[in-house]
Amino acid sequence: MSVIVVEQLTKLYGRRIGVRDLNLRVPEGMVFGFLGPNGSGKTTTIRVLVGLLKPTDGSARVFGLDCRRDSHRIKAEVGYLPGDLRLYPWLTLGIALPIFGRIRRRDLVDEGLRLADEFELDPTVRVRSMSRGMRQKLGLILALAHQPRLLILDEPTSSLDPLMQEKLYRHLRTIASAGRSVFFSSHTLSEVEQLCDRVAILRNGKLVADESLDELRSRAKRAVTIRWRDDARLETLQVPKFLDVFDKQGKQWQASLTGSARDLVQWTAGQPIDDMTIEQPDLARVFHRYYE
Amino acid sequence: MNRGLIAKTIREIWLVTLLFALGIFTFEALIAYMLPLFDQDILDYWAKMPFLNGMFQALFGTEIGETIGPGMIATTAWVHPIVLIMVWAHGIICCTRVPAGEVDRGTIDVLLGLPVSRTRVYVCESLVWLTSGLVILAAGLAGNLLGNRVATSETQGATGHLLIVLVNLYGLYVAVGAMAFFVSCWSDRRGRAVGVAFAIVLAGYVLNFLAQFWQPARSISFLSFQHYYRPLLIIREGAWPTSDILVLATVSVVFWLAGAIVFNRRDICTV
């Protein structure tokens, strides 16, 4: 089942394109990465999903409900963290939990304080005295405290230190493994690679890719380094098609593997090699290809 | 109604309401105490001067005759520009908070990220605003009664008449606030919304003032909120200004509903 279904979504700001003809399905129970450079339309899409923007054309549905018309019903089961988080200056976590709990009509205090402990946030500090990172933690706790079915996070790790980022990743993986869903916008490739099961990539308001990380990895080239024992035979050596050699320096070759590692290992088994290294698939190159 | 939204709104406006309530209480107490101290001859002399007579008429919203009686003195406490500015300012401050204020400071993303409809946010804001308006006027009434009691003057209007004036003033407060809500619903900047709302009220006040001297202004003075607030007639005659209150109520409902429609339909952009 898809928790988010976006069909032919177009949002125009006057003549400027926010997103155009976007189609997207986010399956339940996974961390879905939403990637794209600045201005590619990620935040516009998210703002349509949470009912802040009205689509110019097309539709966006969450849990099968219309994002605009049924926005308040959808948000009962959604935790949302805006990209540019601003909070009331007088707010502390201790004040926010009862107020937000009354608005959500459920008790958030226990879970909120447990999360505060996990993310190391003092519940008595007012927003006006908080650093950006502390405000981000407060926003995250308020998005997580009601244990939503779907989390929509717009660049949530900005201004978090690496330790907190790692804690957040762990928390999000736990959420996904419990069958809940995370829609995670980012422009940091490494965190998407580390965290997400599937990614959609936007560029200039258009969807340019929507694939699982495994599919992307299988298509990504791997860097291969081969050191030959003897360079006498190298001149006559037949290089297979799945190996794209781009640098030969004496006995050492640098190449890109476009086929499977199994084919390479079988081929090299009969060759006089001294050593061989096959690196992890280079997803950054794949992403960059979509970005450019 | 949502208790959480109400609690959040109260948290945001209690201080400004308290300050305005204290301000209006103090001013009403002082003016109710001090006005009777003016010499009656001086007041009558002022009333006979054509320009001042026109100004008084503009202020009181009706013909004042050639003498300034106790009713007029009692009325002054409720038409004084400082009182009116405090009442308008409180209404405009409260009614430009949502959505213009929330969009301006970027907090609306968090507010509308909660499971509440925009209509519910608008209604809860309005309820707190309407209640805080009652607090402000009650503080003014308390100050006025206290000032009169200390002065032990004969200028005090009948309390029943005074309550009718307050109802009329509350109608004015609600109309100004509803107009401010409407302006706020179109705006992304609170400063701009406050400026536009205040300019509209001030323009109406000036129009009502000019209407006493200038025929073209008189013909369009019905556009001014102030045109429907004439406390001297109430204090003199004790009659309910039914038509004025109805006009103010109608204007309020129209502005408030139009604001709600605009707020529900508009895009919210904070970036």
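The values are calculated or read from the model by the stated rules, or taken from the named source; none is laboratory data. If you're wondering where the values come from, they're calculated on a predicted model, not measured in any experiment. Methodologically, a virtual Cβ is constructed for each residue, glycine included, from the backbone with ideal geometry; neighbour enumeration extends over all protein chains shown. Protein only, heavy atoms only, side chains kept; ligands, DNA and RNA dropped before computing areas. Shrake-Rupley method; radii C 1.70, N 1.55, O 1.52, S 1.80 Å.
Applying 1/(1 + (r/R0)^6) with R0 = 56 Å to the Cβ-Cβ distance of residue A:274 and residue A:169 gives a FRET efficiency near 0.90. Taking amide H as placed 1.01 Å from N in the peptide plane, residue A:152 has its amide H under 5 Å from the amide H of A:79, A:80, A:81, A:183, each at least 5 places away in sequence or on another chain. Dipole magnitude for the stretch A:220-291: about 220 debye, using +1 per Lys or Arg Cβ and -1 per Asp or Glu Cβ, origin at the Cα centre.
Only lysine pairs 8 or more places apart, or on different chains, with alpha-carbon atoms under 14 angstrom apart are counted in the protein assembly as shown, and they number 6.
Residues of B:99-111, mean number of Cβ from any other protein chain within 10 Å of their own Cβ, rounded to a whole number?
Mean shielding by partner chains, rounded to a whole number: 4.
Using 1/(1 + (r/R0)^6) with R0 = 30 angstrom and r between the beta carbons of residue A:242 and residue A:194, what's the FRET efficiency to the nearest 0.05? For residue A:242 and residue A:194, the calculated efficiency is 0.60. Remark on residue A:3: its backbone amide H falls under 5 Å from those of A:26, A:28, a criterion applied only to residues 5 or more positions apart or on other chains, H modelled at 1.01 Å from N. The candidates A:80, B:173, arranged from most to least accessible area with a 1.4 Å probe in the full protein assembly, appear as A:80, B:173. Between the stretch B:234-256 and the stretch A:13-54, what is the C-alpha centre distance in whole Å? The two parts, judged by their Cα centres, are 49 Å apart.
For the stretch A:103-128, a reduction of at least 20 Å² in accessible area between the chain on its own and the assembled protein chains (probe 1.4 Å) is found at A:103, A:104, A:105. Per-residue surface analysis assigns residue A:144 an accessible area of about 10 Å², computed on protein heavy atoms at 1.4 Å probe radius. Rounded to the nearest whole Hz, the Karplus-based 3J(HN,Hα) values (6.51 cos²θ - 1.76 cosθ + 1.60, θ = phi - 60°) of the stretch A:152-161 follow the sequence 10, 10, 9, 6, x, 8, 4, 6, 9, 6, with x at glycine and proline. The alpha carbons of the protein assembly as shown stretch over 125, 50, 41 Å along the principal axes, in descending order.
For residue A:273, the residues 5 or more places off, or on other chains, whose built amide H falls under 5 Å of its own are A:229.
The antiparallel fraction among DSSP beta bridges confined to the protein assembly as shown stands at about 70%.
Per DSSP H run of n ≥ 4, the term is -39500 (n - 2.57); total these for the protein assembly as shown, divide by its residue number, and report the mean residue ellipticity at 222 nm rounded to 500 deg cm²/dmol. Please list the in-between numbers first.
Working: 23 runs with 300 residues, N = 563.
-17000 deg cm²/dmol, from helical runs alone.
A probe of 1.4 angstrom, applied to the heavy atoms of all protein chains, finds residue A:72 with accessible area near 70 square angstrom.
Measuring from centroid to centroid over Cα atoms, what is the spacing of the stretch B:1-55 and the stretch A:200-262 in Å? Using only Cα atoms, the two centres lie 81 Å from each other. Once you mark the GluC sites (Glu not before Pro) that are in a DSSP loop and have at most 13 other Cβ atoms within 10 Å, what is the longest gap between them in chain B? Result for the longest clean stretch: B:155-271.
Relative to the Cα centre, the charge distribution of the protein assembly as shown, modelled as +1 at Lys and Arg Cβ and -1 at Asp and Glu Cβ, gives a dipole magnitude of about 940 debye.
For the stretch A:86-183, the set of chymotrypsin sites (Phe, Trp or Tyr not before Pro) satisfying both a DSSP loop assignment and a count of at most 16 other C-beta atoms within 10 Å is given as A:90.
With N counted as the residues of the stretch A:220-291, its alpha-carbon radius of gyration over 2.2 N^0.38 Å works out to 1.15. First obtain the Kirkwood hydrodynamic radius of the stretch B:145-271 from its Cα pairs, then insert it into the Stokes-Einstein equation at 25 °C and 0.890 mPa s, and state the resulting D in µm² per second as a whole number. Here the translational diffusion coefficient equals 148 µm²/s. Taking only protein heavy atoms and a 1.4 Å probe, the accessible area of chain A is 45% carbon and sulfur. When the P(r) is computed for the stretch A:2-217, the part past 22 Å accounts for 48% of the Cα-Cα pairs. In terms of overall dimensions, chain B has a Cα radius of gyration and Dmax of 19.7, 65 angstrom.
Taking every alpha-carbon pair in the stretch A:20-91 and binning the separations at 5 Å intervals from zero gives 3, 13, 23, 26, 20, 10, 4, 1, 0 percent. Available extension along the chain between residue B:145 and residue B:258 is 36.9 nm, counting 0.36 nm per residue and deducting the alpha carbon span.
Of interest is the spacing of the C-alpha centroids, which for the stretch A:59-108 and the stretch B:69-131 amounts to 24 Å.
Here the label points at residue A:227 and residue A:204, each 7 Å from Cα along the C-beta direction, are separated by 4.6 nm in the simple model. Couplings for the stretch B:94-111, taken from phi via the Karplus curve 6.51 cos²θ - 1.76 cosθ + 1.60 with θ = phi - 60°, read 5, 8, 9, 5, 10, x, 4, x, 5, 5, 4, 8, x, 7, 5, 4, 6, 4 Hz in order; Gly and Pro are left as x. Diagonalising the gyration tensor over the Cα atoms of the stretch A:171-245 and scaling each eigenvalue by 5 before taking the square root yields semi-axes of 40, 16, 10 Å, largest first. Just name one of A:257, A:225, A:283: the one whose Cα is farthest towards the positive end of the charge dipole of the stretch A:220-291 (beta-carbon charges, Lys/Arg +1, Asp/Glu -1). Going by the charge dipole, the pick is A:283. Computed from backbone phi, the HN-Hα couplings of the stretch A:135-148 come to 5, 5, 4, 4, x, 5, 4, 5, 7, 9, 4, 8, 6, x Hz, rounded to whole numbers (Karplus: 6.51 cos²θ - 1.76 cosθ + 1.60, θ = phi - 60°; Gly and Pro given as x).
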